[in-house]
Amino acid sequence: MDLRILLFAFWSFLWAVYFMLDGFDFGVGALFTYLGRSDAERRVMINSIGPVWNGNEVWLVTAGAVTFAAFPAAYAIIFSSFYSLFGILIAALIFRGVVFDFRSRLQGSGWRKTWDVAFTLGSIMPAFLFGVVFGNLFRGLDLGASGFQGSFASFFNAYGLLTGIFFLVLFVHHGALWLGVKTNGGLEGKAVAAAGLAWYALAAIAAAFAIYTGYATRLYDNYVNHPAWFIVPATGIIALAAVKYFLLVKNHLAAFLSSSLAVVMLVFFGAVGLYPNLLPATISGTYSVTISNAAASDYALRIMAVMLIVFMPLVIGYQLWVFGVFRDRLREEEVTKDDEAY
């Protein structure tokens, strides 16, 4: 297989797994003050993601590293174009990460409410901004001979905003399902009810996204030319429908796994549509950044491919082990009595 295609496949897979994993803890954070009516419930919500959220972000770092090592030209243009947006996004991720260590260190209500707001905003903003970024990648950037010619405001076009809202609702729904798996009692009931309501909003926004994508992007070209690839969005639609079914029969774990598959299929849908582009140019196709003109040397691609083939199974194995160790549902009384809990 062409190494550039292989690395593009790895690149897509890494982003898909990242959004599948960090998506649910973004969702838990976005729902934090809405579902967590008491301090005990909020501590349960934080502890439901506490053991895994840091590991989830390994996939973000790896996706960035693969972009840098395998497609350095794309990395340079992406970061120089989105640097202001990425600055806000990284600041939000930092605030959110600090909450895990600081929120429960003092008992004062003002202290905890401050961190609660930071946690909620630090979860909503990345979810929305990642959607804005990927919406603009799907739509294309204003790239010319001198690089990016757009502005910060140009990222918030109608398609970018729709994709941002789509990502946010998708992750809120995903996070509510995670809480349905990890909690019990009243919090579990509220989370499942929220997931049920969010499903209708998600289905409506997903339909609007699918229709508008046909007008705002060229993503469907590859599907029209190679209809077999329609299996990707079809699988995503079936997975989303399966979530509703599993919620009705109260199989929350199956609903969460179906939601995970829907998230993965959304990223694959974009990747298949983008290929062979990494960054389509709206000004002229001449300036588009592709997996060919952005790729590193064959030697660098070979090294990166070997590293991913060797180390990715180890990372997957480690994360499966962590999820297995912390698979039990959380109980309020256990969390509040545990001095080591978040």
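The values are calculated or read from the model by the stated rules, or taken from the named source; none is laboratory data. Because the structure is predicted, anything quoted here is derived from the model rather than measured. Positions of Cβ are backbone-derived with ideal geometry, glycine not excepted, and every protein chain shown enters the neighbour counts. Quick note on the areas: whole protein, heavy atoms, side chains included, nothing else; ligands and nucleic acids left out. Shrake-Rupley method; radii C 1.70, N 1.55, O 1.52, S 1.80 Å.
Cβ-Cβ distance below 8 Å, separation of 6 or more or different chains: which pairs start in segment 297-313 with a residue that is basic (K, R) and end on one that is in a helix (DSSP H, G or I)?
R302/L3
Pull up segment 204-219, narrow it to residues that are of a type outside the set (G, A, S) and buried (at least 16 other Cβ atoms within 10 Å of the Cβ), then point me to the one that is farthest from F138 (Cα to Cα).
Per the criteria, the residue is I205.
Test of understanding: among G64, G23, which residue is out of contact with any helix residue (DSSP H, G or I) (no Cβ under 7 Å at 6 or more places or on another chain) and either under 29 Å from F311 (Cα atoms) or of a type outside the set (G, A, S) (or both)? I'd like the intermediate steps shown before the answer.
Working: G23 fails: out of contact with any helix residue (DSSP H, G or I) (no Cβ under 7 Å at 6 or more places or on another chain).
Sole residue among the options that is out of contact with any helix residue (DSSP H, G or I) (no Cβ under 7 Å at 6 or more places or on another chain) and either under 29 Å from F311 (Cα atoms) or of a type outside the set (G, A, S) (or both): G64.
Would you call R96 over 26 Å from F13 (Cα atoms), part of a helix (DSSP H, G or I) and either open to solvent by less than 10 Å² (accessible area, probe 1.4 Å) or touching a residue at least 60 places away in the same chain (Cβ under 8 Å) (or both)?
no
Can you tell me which condition D142 does not meet? The list is (1) at pLDDT below 95; (2) open to solvent by 10 Å² or more (accessible area, probe 1.4 Å); (3) within 24 Å of I46 (Cβ to Cβ), and all the others hold.
The single condition D142 does not satisfy is (3).
Could you tell me which of the residues T163, T114 is of a type outside the set (D, E), surrounded by 21 or more Cβ atoms within 10 Å (Cβ to Cβ) and farther than 14 Å from F26 by Cβ?
Within the list T163, T114, the selection yields T163.
Of the residues that sit in segment 288-304 and are of a type outside the set (S, T, Y) and in a helix (DSSP H, G or I), which one is least open to solvent (accessible area, probe 1.4 Å)?
L301
Determine whether segment 66-85 contains at least one residue that is closer than 26 Å to G175 by Cβ, open to solvent by 40 Å² or more (accessible area, probe 1.4 Å) and in a helix (DSSP H, G or I).
For segment 66-85, residues closer than 26 Å to G175 by Cβ, open to solvent by 40 Å² or more (accessible area, probe 1.4 Å) and in a helix (DSSP H, G or I): absent.
Going by the structure shown, is L129 within 17 Å of the chain's Cα centre (by Cα), within 30 Å of A208 (Cα to Cα) and in contact (Cβ under 8 Å) with a residue 40 or more places away in the chain?
Here the answer is yes, as L129 does meet what is asked.
Pick from segment 316-335 the residues that are without any contact (Cβ under 8 Å) to a residue 40 or more places away in the chain and over 23 Å from R42 (Cβ atoms): which of them is most open to solvent (accessible area, probe 1.4 Å)?
W321
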